[in-house]
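Q: Provided herewith is a single structure, encoded as structure tokens, for subsequent inquiry.
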Amino acid sequence: MTASAAPTYYLTTPIYYVNDAPHVGHAYTTLACDVLARFKRLDGYDVKFLTGTDEHGQKVEKSAQAAGVHPQEFTDRVSQNFRDLADHMTFSHDDFIRTTEDRHKQACSEIWQRLFDNGEIYLGSYAGWYAVRDEAFYTEAELTEDPNGAKTAPSGAEVEWVEEPSYFFKLSAWQDRLLAYYEANPDFILPKTRRNEVISFVKGGLQDLSVSRTTFNWGVPVPDDDDHIMYVWLDALTNYITAVGFPETETSEYAQYWPADLHMVGKDILRFHAVYWPAFLMGAGLKPPKRVFAHGWWTNEGQKISKSLGNVIDPFDLVERYGLDQVRYFLLREVPFGNDGDFSHRAMVQRMNGELANDYGNLAQRVLSMIAKNCDSRIPEPGELTGNDTALFDQAVALLGKQRELMDIQSFHEALETIWAMIRAANVYVDAQAPWKLRKEDPVRMATVLYVLAECIHHLAILTQPFMPKASSKLLDQLGIAEDRRVFDAISGEDSMLVPGTELPKPQGVFPRFAEEQDAGAGA
Ligand code: ME8
């Protein structure tokens, strides 16, 4: 391993259950991480971006049984669908972990052993409710009864009564230490509303947690007691340290990347990440992660997304229909990150046509075509700058700093809003300066206006790369920006501006409009 001078940034997605095909919710979480990973790489960080699949537990075992195949064969097949999705969405993860890999089983055995040796785990017996769908234990008080008298978990999952010998993790002893950790690290859980929910849950008192099961086999055996397999959440959470080389902590990536900078999760699994996981880690003598961000939940045209309702949004179809960059943009622009959101085809088409094709696409297309026509397809030589010119320049130059601030708190929608404020300002400037009128009367001024605009598009295209890699790269090609000049450093240094005289290729539109008549027939 070579030491690197660059600051590190380690971020992870949840590892997805392989009981079913990937849907838009899975694509969303990984997309958010992908955008952040790309942003940090462009900003000079040494990034490790991890995703993968959660392949053990009763839920996966049951799905394999239903499909009539061995769980390993089943998980091989379904895990591949998640890899295919990652390829299709051009996710830039550095590692894809599967919990059925040997490296992971070793890490699980080791964390168990450390917890056991530290007196954090004891043998007892569990009698209580379990929801296979959530792979979670619930207390009687958390359950509600449906009209048929069946008990359900807060998530709506069915629960069953379980009585079996079980190892327990002494979670009850961690209340004060967890609260102290939240207090000392106010940004450990974001958004703030979620942080408050976790704090009140922990303040309400913690019970010891059952961490082994005996009634099925599909999992990692408990060291020295083959009758038990590890609770799937202890197994699953450990993936985040497996992937950096745990149990080796000195000479592996662990030394570089742990503690993780960010675990990105959906709000459904916040408790596992913000309560159990830091307690497991501290109990094993390891550092907890720096941040857990819990984003919101997508519905489809106002309805909960569920297989039984038949309204699952297939990300492959979405990309096929609207284009990858369009889907990437929409998902992160439509909903304030952290809030719940509703997917609608109408909203998708509106943003695609209004914000991408009209605002951004037209700006670039107009400016690049004028340069092609009136400036011999070369970056024009600017004359003296007016107050309006420098105001727009200043806005462009300030954009990077704002993006850094907003991306550091995972505020993707605000980052995009800020970029769009710049796009709108540039469009207002084009209309006000009307460079097409200047061609005959004042060609020097025309060249200046087009230079200012090209420079703005330069900044915009660099900064939209994490969100829309393909379209941004096409724009950068059209501005004649070399591959090695596309990092953020290249728009902040002395020689960061476009070089007059640079020859440009023929301009091409990068954001096609979506035909409205297709929109009318758009279904789920
Ligand atoms: O929970 N809207 O896996 P999982 C937004 N294996 N995000 C959604 C979503 C929706 N409608 N549906 C799913 C597990 N997600 C465990 C994780 S981690 C150590 C183990 C996303 O396949 C969201 O990120 O059920 C959610 O947290 C995750 O998928 C749940 O994936």
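Q: For T75, what charge total do you get from the other residues with a beta carbon under 14 Å from its beta carbon, if Lys and Arg give +1 and Asp and Glu give -1?
A: Its environment carries a net charge of -2.
Q: While we're here: Give me the net charge of Q465's neighbourhood, meaning all other residues with Cβ under 13 Å from the Cβ of Q465; Lys, Arg count +1, Asp, Glu -1.
A: +3
Q: Sum up the charges of everything whose Cβ sits under 12 Å from the Cβ of Y126, counting Lys and Arg as +1 and Asp and Glu as -1, but leave Y126 out. List each step's numbers first, then the result.
A: Details: positive: R213; negative: E163, E164, D208.
Neighbour charge sum, excluding Y126 itself: -2.
Q: Next question, about the same structure. Which is farthest toward the positive dipole end of region 142-189 among V159, P186, T144, measuring Cα position about the Cα centre, with Cβ charges +1 (Lys, Arg) and -1 (Asp, Glu)?
A: Toward the positive end, the furthest listed residue is P186.
Q: Could you give the dipole magnitude of the chain about its Cα centre, charging the beta-carbon of Lys and Arg +1 and that of Asp and Glu -1, in debye to the nearest 20?
A: Details: 49 positive and 76 negative charges, 290 e Å.
Taking the Cα centre of the chain as origin, the dipole is about 1400 debye.
Q: I've got another one for you. Calculate for the chain the 222 nm mean residue ellipticity that helices alone would give, adding -39,500 (n - 2.57) per DSSP H run of length 4 or more and normalising by residue count, nearest 500 deg cm²/dmol.
A: -13500 deg cm²/dmol
Q: What ranking do E405, E140, E455, E301 get, fewest neighbouring Cβ atoms within 10 angstrom at the top?
A: E140, E405, E301, E455
Q: Turning to a different aspect of this structure: Determine which lysines satisfy two conditions relative to K48: a Cα distance under 19 Å, and not lying fewer than 8 residues away in the same chain.
A: Partners found: K40, K287, K290.
Q: Would you mind ranking M264, M407 so that the residue whose beta carbon has the fewest other beta carbons within 10 Å leads the list?
A: Working: M264 24, M407 18.
The fewest-first ordering by Cβ neighbours comes to M407, M264.
Q: Set Lys and Arg Cβ to +1 and Asp and Glu Cβ to -1, take the dipole of the chain about its Cα centre, and tell me which of N353, S125, P500 lies farthest positive.
A: The one lying farthest along the dipole's positive direction is P500.
Q: Given the options F272, F343, I305, identify the residue whose Cα lies farthest towards the positive end of the charge dipole of region 223-368 (+1 on Cβ of Lys, Arg; -1 on Cβ of Asp, Glu).
A: Of the candidates, F343 comes out farthest on the positive side.
Q: Measure nothing fancy, just the Cα-based angle from helix 469-478's long axis to the longest principal axis of the chain, in degrees from 0 to 90, nearest 10.
A: So the inclination is approximately 20 degrees.
Q: What is the fewest-to-most order of I419, I409, I15 by other Cβ atoms lying within 10 Å of their Cβ?
A: Details: I419 21, I409 16, I15 25.
Result, fewest neighbours first: I409, I419, I15.
Q: Could you give the dipole magnitude of region 341-434 about its Cα centre, charging the beta-carbon of Lys and Arg +1 and that of Asp and Glu -1, in debye to the nearest 20? Don't jump to the answer; show the numbers that get you there.
A: On the way: 8 positive and 13 negative charges, 68 e Å.
Value, rounded to 20: 320 debye.
Throughout, read-outs are computed from the coordinates displayed, never taken from laboratory work. Model, not experiment: these values are computed from the prediction. No Cβ is skipped: glycine too gets one built from the backbone with ideal geometry, and neighbour counts run over all protein chains shown.
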